[in-house]
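**Student:** Quick one: the structure is below, and I'll ask about it shortly.
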Amino acid sequence: MHDLPILTMLLLLLLAGAGAVMLCPRPRGDLVRGTALTTSLLAFLCSLPLFWLYDGTRAEPFRFVEHVPWIERFGIAYSLGLDGVSLLLVLLTTLLGPVGVLASWNAIDRRTKEFYASFLLLEASVLGVFMARDLVLFYVFWEVMLVPMFLIIAVWGGEKRVYAGVKFFIYTMAGSLLMLVALVYVYLRTGAQTFQIAELQALLAALPPERALSHTEEVLLFLGFAIAFAIKVPVFPFHTWLPDAHTEAPTAGSVMLAAVLLKMGAYGLLRIAIPFFPGGAEALAPLAMVLAVVGIIYGALMALAQEDWKRLIAYSSVSHLGFVVLGIFARTETALSGAVFQMLAHGLATGLLFLLVGSIYERTHSRRIDDYGGIARVVPGFAAVFMITVLASAGLPGLNGFVGEFLVLAGTFLRHPLAAACGALGVILAAAYLLTLYQRTMFGPLVHERHRALADLAPREWSYYVPLLGLTAIMGIWPQPFLDVMGASLHAIPQLVK
Amino acid sequence: MESKLALIPLLPLAGFAINGLVGKRLGKPLAALVALLGPAIAFVLSLEILVYLLQAGDATIQVRLWTWMATRDFSVEFAFAADRLTAVMLLVVTGVGSLIHLYSAEYMEGERRGSYARYFSYLNLFTAMMLVLVLGASLPLVFIGWEGVGLCSYLLIGYWYTNAEYASAGRKAFVVNRVGDFGFLLGMFVLLLAQAPAEGARSLELAHLNALAQVGGIEVGTLTTAAVLLFLGACGKSAQIPLHVWLPDAMAGPTPVSALIHAATMVTAGVYLVARLSGLFGAAPAALAVVAVVGVLTAFCAAVMAMTERDLKKVLAYSTISQLGYMFVGVATGVFAAGIFHLVTHAFFKALLFLGAGAVMHAMHTMDMRRLGGLRTKMPWTFWLFLIGAAALAGLPPTSGFFSKDEILAAALLGYHAGAGPLWLGVWVLGVLTALLTAFYIFRAVALTFLGEPLEPTDAHLHAHDPGWRMLVPLVVLGALAAAGGLLNVPHALGGHARFTEFLEPVLARQGGGVPLGHVAWLEWAGMGLTTLGGLLSAAAALLLYTRAPELLARLAAAALVRPWRAASEAKFWFDTAYQRYVVEPTRAGALALWEWVDVAVIDNAVGGLAQAARDLGRSLRSLQDGLLSRYTTYLAGGAVVVLMLVLGFI
C-alpha cells in the first residue's frame, strides 16, 4: 500500500479529468460538469485515507515519498511527499475541489469545458505546491498555478475581471521573480548539487564557517522568499490585489483563492523561508509581527468600510490571515499549531462565506449589501447556514475559528505579549464587521419587494453546506486529531534559532 | 453521578437540536413540551447532585470527556466539575429556567409556528450553554459557555429581527460583550504566561489556578493583572460600568428572555466567575478593591438611571445592573457566599418582577408607564406578586432581598470595622444610599403601573386581565421563593444559622481567598435598622409622590439640588452618547478614510503607477531585446526588486 505512488496518481487523476472534460462534446454541459464532479470527488476520496494512514508519532518527516531524478545535471528531481502540515492542506484542497465544481454548476454558463478544465488544473497545481519536496518542482507548480487562476478570474469573473486578473498576475509574478533570484543564488552560493528542500536546509545550516552566509545575505535571501510568500498570503501592505481578485472571481475561484491559494504563501514561509534562513527570520520577525498585527486591525477596519458583500469578506481574509502570520513568526509551538489550524479553519469559514455570497448572487445578481436586508424570513435555511458561518469566522468557541485564534494568540502571548494583545483587538472588530454584515443583509424590514420570492437553498447547495458546516463544528470541539497530525512537523521550527 | 453531570447540559442541547431542525413540524404544544423537558429533567438531576453533595461534604464530581486542545506548551481538557457552588448555580439555572420555559409557552403563543420553535430552540441552547459555563472545569471551557450564552442573548434580543432597532440591540450586546471577552482572553494568557513551564504543563483549570494563587505560585502583580483582566470580562457579561450599556437595549427581546437571561442567570456569570476563582482573586487584594469600587459605583449609578426611566422593563434592567453591582461588592468583601446568596435571591425576585412585567406587557402591549396605571384591580394576581418582588428588591423585611442585601452591606461594614480600610466605609455608604434609591424607584414603578390612573389611557385597559395558568404558575412559585427565600440564610445576628453560607463554606475554604469577619451584633443591628427604616420611608415617599402629590413631586423635581441628578439620570450619565461620539463614529470614519486614502489612493496607485512606468520603460527599451532568456529574467527580477523597494519606500 505504501509503495503505491498515491500522490502522483492524485495529480494524474486531476490532469486526466481536465483532459476528459476538454474531450466532451461542447453542447453536453451535463457531461462536462459530471466529469469534473466525478474527477474531483475521486480525488477527494483517494486523498482522504491519507489522514488515517499518516502516523504523526513516527520520526521521519515525510511520508508517501516519491523520488524520480528529473534534470540530473542540476540535481533537480521530481520528488513528492507529505508531512503533517502539507497533508492537511492537501486534504483541504481536495475537499474544496468537488465543492467548487458544485458551486459552479449553474453559475458558469459559457465556456464550461474550459472552465472546468482550468479548475481541475488549478487544483492539481495547488496540490503540487503542497506535495513538492524539490524546490524547482515547487517553483514550477507555483508558476503553473498562476495560469488557470488568471484565466478563471479574467474570463469568468465579474465586470472588472480583466483588471483584477492582471493585477493578481503582476503581484504574484513580481513575487515569483524575487523567489527565483533567491533560489538561484542559494544554489550557486552553497554549491549544492541538489534542490531537495530538506537537503538544502541541512546544507545551509551546516555551511563551513568560511563559506557561511553573512547576516546581510541571510536577511536579503529571506526577504526574497518571504516577499514572494507575503504577497500570496497577503501580508499588509501587499494585500491590495486580493480584494479585486476575490471580488471579481467567480464563486469557485474566490473559494479556491481564499481557502487554498492564500495558504500557499503561509505554507512557503513555514516550509522554506524560515527553515532556510532562520537568522534572517529572527532578524525580521519583529517587523513581520508588526505587519501581521497591522494586517489584523487594518483588514478588519477595511471590512467595516465596505459596501460590497464580497469585498467585505475579502478584507476579512486579510485580517484573519494576519493571525496566521503572527503565529508563524511568534514561533512557539502553540502559536505555530494555531497558525496552521487557523489556515484550515479560515479555509473552511471563508470558503463558506464566498459560497454563500455565490448562492445569493446567483439568485439576485447583486453584491451590494444595501440591496439586501430582511431576507432571513424568506430564506431561513440560507440565513441559518450564514449565521453559523459568520460565528465560525468570528471565532465563537465551539467552532473551529476559535481554536486557531486562541492557539495563535496564547502561543504568541508566551513570547510577545504586546503583539498578542494588539492582535486580540481583531477579535472585537471581527464581531463588529461580521455581525453588521449579517444584520444589514438578513435582518430588518425587507428592502426589495422582489426578494419576497427568493428561493431557499437547493439540495445541490445543501450537499456541500452540510458537510462543510459539520467539519467546522467537529474541528471546533474536537481539534486534537488535527493538532496531532501537524504537531510533529512543527516541533523543529522553534528550535531553529538557538 | 459523573454520567449524570455530563447529561445535564446535553439534555437542553438535544432540545435545541430537535426544535431547531424539526420544531416547525412538531406544532406548538409539542415544541414547547420538548423544550421544557430538557431543563426540567436537568433540574431533577441537579437536585440529585445537591442531595449527594449535602452528604458528601466538600466533594467535587468530575467528568473528563476528551482532550480539547493540547500542545507542548499547555493542554485543555474537555472536562466538567461540580461542587456545592456549582450545585447552587445548577439549581438556579435549571429551576428558574424551567419555570420560564413554562411561562414562555403561553407568552409566545401568538408567534407563528416556525418562530415559536425557533424561540424555544434558542432558549434551550441558552440553557445548555449556561450549564457549560457553570460546569466547565477550566477557564477555556467556561469561555465556551461564556460566549455561547452571549450568542443566545444576541439571537434572542434580536428575536424580532424584522425590527431593525431590535436587531441592532442584539449586535450591540454581542460587540460590547466581545470587549469584555477580550479581557477574558488576555486574562487567560497572562495566567498561562505566569506559570513557569518547569513546573509541568501549564494549565487553566480552575482548581489548579486557585491552588497556585493561594500558595503564592504567581507573583502578586501578575496575579492582579490577570484578575483585573478577567474582571473586565465579567464587566461585559454582568453589565458593569463601563460595559453596562448593552443591557438596557437588550430589553428589546421577549420579556421571558429578559427574565431568564438578562436578570436571573447569564448576567450573573461574572459574579460566579469571581466566586469560582475566590482563591485567585483573594490573593490579589488590589483586584478585589477594583471589583468593589466598580461594583458599588455601578450599583449607585444604575439606581440613579432607573429613577427617571419611563419604560417599566428598562427600570428593571437598570435595577438588574445595580443589583449585580451589589453582588460584586459581596464577592469583593471576601465573603463570597454573600455575593452568591444575593445572586440566588435576585434570581427569584428579579425573574418574578420581569415575569410580572411580562404579564402586564401581555395584557397591555406596552411598557411605557405613562400608558399604564390602575392595573391593581384588573390584574390582582399580577399586582400582588409584583409587589412581593418589589419589596424584595427594595430589601424590605422579611423578604429574601432583605437578608441577602443586608449581608453584603454588613460584610462591607464589618470589613471596615475590622480595619480593612476606609474604602469599605465608602462602599457601605454608597451601598446604603443605593438601597434607598432602589426602594424609591421600584415603588415609583409600582405606583405608575398598578395604582392611580394612566396618564394616557388606552383601549387595552378595558380588556386587561391576569394571565392563564402557564404564566401564573411560574409567577406564584417565584413569588413564594422571593418572599421566603431569605429563610435559607438567616444571619446569626437574627438568631438564625446562616445555612446557605455554611453550605458553601467548604468550597470557599478549599478554594481559599475568604476573609473571616467575625460578628459584631450591635453593628449588624444598626446597619439593618438603618436600611430597613430608610427603605420603608423611601418606598412610602415614592408611593405618595406618584399617587397623591403630583405638585410636590413637580416642585421636588425642579429643586436645584435635584436638577443635575435628574439630568444625569435622564441622559444615563451620557455613556451611550460618549461611546457613539468618541468610539463608534471615529472608528467608522477612520475605517472609511483609511480605505479611501491608504488602500485605494496610496497603495493601489503606487503599484498601478509603477506597473505603468514599467510598461512604458519596457516599450522604450524594446531595442534591448536580444532573445537571451537569462537576460530577460535578470531584467524582470531587477525590475521587480525596484518596484517592491519603491512600494515599500512609498509607505
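The values are calculated or read from the model by the stated rules, or taken from the named source; none is laboratory data. Because the structure is predicted, anything quoted here is derived from the model rather than measured. For neighbour counting, all protein chains shown are included, and Cβ atoms are generated from backbone atoms with ideal geometry for every residue, glycine included. Areas reflect the complete protein model, heavy atoms only, side chains present, ligands, DNA and RNA absent. Shrake-Rupley method; radii C 1.70, N 1.55, O 1.52, S 1.80 Å.
**Student:** Collect the residues in segment B:276-311 that are of a type in the set (A, V, I, L, M), more than 30 Å from B:Tyr546 (Cα to Cα) and open to solvent by 10 Å² or more (accessible area, probe 1.4 Å), keeping them in residue-number order. Full working, then the answer.
**Tutor:** Just the residues of segment B:276-311 that are of a type in the set (A, V, I, L, M), to begin with: B:277, B:280, B:283-284, B:286-294, B:296-297, B:299, B:302-307.
Adding the requirement that they be more than 30 Å from B:Tyr546 (Cα to Cα) leaves B:277, B:280, B:283-284, B:286-294.
Across segment B:276-311, the qualifying residues are B:Ala283, B:Ala286, B:Leu288, B:Ala289, B:Val290, B:Val293, B:Val294.
**Student:** Here's another thing I want to ask about it. Could you list, ordered by first residue, the pairs with Cβ atoms under 6 Å in which the first is in segment B:149-171 and within 17 Å of B:Val267 (Cα to Cα) and the second is modelled with pLDDT under 90 and not in a helix (DSSP H, G or I), at least 6 apart or interchain?
**Tutor:** Taking only residues 6 or more apart or on different chains, the pairs are B:Leu156/B:Gly253; B:Ile157/B:Gly253; B:Gly170/B:Gly158.
**Student:** Residues of segment B:191-206 being at pLDDT below 90, part of a helix (DSSP H, G or I) and more than 12 Å from chain A (Cβ to nearest Cβ), which ones?
**Tutor:** B:Ala198, B:Glu199
**Student:** I need the full set of residues from segment A:420-432 which are buried (at least 24 other Cβ atoms within 10 Å of the Cβ) and more than 9 Å from every other protein chain (Cβ to nearest Cβ), in order please.
**Tutor:** Matches in segment A:420-432: A:Gly423, A:Gly426.
**Student:** Cβ-Cβ below 9 Å, separation at least six or inter-chain, first residue in segment A:231-245 and more than 11 Å from chain B (Cβ to nearest Cβ) and modelled with pLDDT of 85 or more, second open to solvent by 10 Å² or more (accessible area, probe 1.4 Å) and not in a helix (DSSP H, G or I): which pairs?
**Tutor:** A:Lys232/A:Phe238; A:Ala245/A:Gly157
**Student:** With the requirement that a residue be part of a helix (DSSP H, G or I) and either of a type outside the set (Gly, Ala, Ser) or open to solvent by 30 Å² or more (accessible area, probe 1.4 Å) (or both), what does segment A:102-126 give you?
**Tutor:** A:Leu102, A:Thr112, A:Lys113, A:Glu114, A:Phe115, A:Tyr116, A:Phe119, A:Leu120, A:Leu121, A:Leu122, A:Glu123, A:Val126
For every residue, the table says whether it meets (1) closer than 24 Å to B:Ala289 by Cβ; (2) touching a residue at least 60 places away in the same chain (Cβ under 8 Å); (3) in a loop (DSSP other than H, G, I, E, B); (4) aromatic (Phe, Trp, Tyr).
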position	(1), (2), (3), (4)
B:Phe189	yes, no, no, yes
B:Ala213	yes, yes, no, no
B:Gly216	yes, yes, yes, no
B:Leu223	yes, yes, no, no
B:Ala227	yes, yes, no, no
B:Gly233	yes, yes, no, no
B:Leu243	yes, yes, yes, no
B:Pro248	no, yes, no, no
B:Met251	no, yes, no, no
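**Student:** Return the residues of segment A:127-142 that are open to solvent by 10 Å² or more (accessible area, probe 1.4 Å) and under 15 Å from A:Lys263 (Cα atoms); say none if nothing qualifies.
**Tutor:** Matches in segment A:127-142: A:Phe141 only.
**Student:** Then there's this: Pull up segment A:1-43, narrow it to residues that are part of a loop (DSSP other than H, G, I, E, B) and open to solvent by less than 70 Å² (accessible area, probe 1.4 Å), then point me to the one that is nearest to A:Leu102 (Cα to Cα).
**Tutor:** Only one residue tops the list, namely A:Cys24.
**Student:** Taking the residues in segment A:437-449 that are open to solvent by 10 Å² or more (accessible area, probe 1.4 Å) and within 7 Å of another protein chain (Cβ to nearest Cβ) as candidates, determine which candidate is nearest to B:Leu193 (Cα to Cα).
**Tutor:** Going through the qualifying residues, I end up with A:Gln439.
**Student:** Scanning for something touching a residue at least 12 places away in the same chain (Cβ under 8 Å), closer than 19 Å to B:Met305 by Cβ and either of a type outside the set (S, T, N, Q) or not in a helix (DSSP H, G or I) (or both), does segment B:548-565 turn up at least one residue?
**Tutor:** Yes, segment B:548-565 contains at least one residue that is touching a residue at least 12 places away in the same chain (Cβ under 8 Å), closer than 19 Å to B:Met305 by Cβ and either of a type outside the set (S, T, N, Q) or not in a helix (DSSP H, G or I) (or both).
**Student:** Take segment B:46-68 and flag every residue that is surrounded by 15 or more Cβ atoms within 10 Å (Cβ to Cβ), within 14 Å of chain A (Cβ to nearest Cβ) and free of Cβ contacts under 8 Å to residues at least 60 places away in the same chain.
**Tutor:** Answer for segment B:46-68, where residues must be surrounded by 15 or more Cβ atoms within 10 Å (Cβ to Cβ), within 14 Å of chain A (Cβ to nearest Cβ) and free of Cβ contacts under 8 Å to residues at least 60 places away in the same chain: just B:Thr67.
**Student:** What's the number of the condition A:Gly191 fails, among (1) at pLDDT 85 or above; (2) more than 20 Å from A:Ala259 (Cα to Cα)?
**Tutor:** All conditions are met except number (1).
**Student:** Still on this structure, I have one more. What number goes with the only condition from (1) hydroxyl-bearing (Ser, Thr, Tyr); (2) facing another protein chain (nearest Cβ under 9 Å); (3) assigned to a helix (DSSP H, G or I) that B:Ser153 does not pass?
**Tutor:** Failing condition for B:Ser153: (2).
**Student:** Take A:Ala410 and tell me if it is modelled with pLDDT of 90 or more, surrounded by fewer than 24 Cβ atoms within 10 Å (Cβ to Cβ) and at the interface with another protein chain (Cβ under 7 Å from one of its Cβ atoms).
**Tutor:** no
**Student:** Does B:Tyr119 satisfy the criteria of being open to solvent by less than 10 Å² (accessible area, probe 1.4 Å), more than 11 Å from chain A (Cβ to nearest Cβ) and among the aromatic types (Phe, Trp, Tyr)?
**Tutor:** Spelling it out, B:Tyr119 is indeed open to solvent by less than 10 Å² (accessible area, probe 1.4 Å), more than 11 Å from chain A (Cβ to nearest Cβ) and among the aromatic types (Phe, Trp, Tyr).
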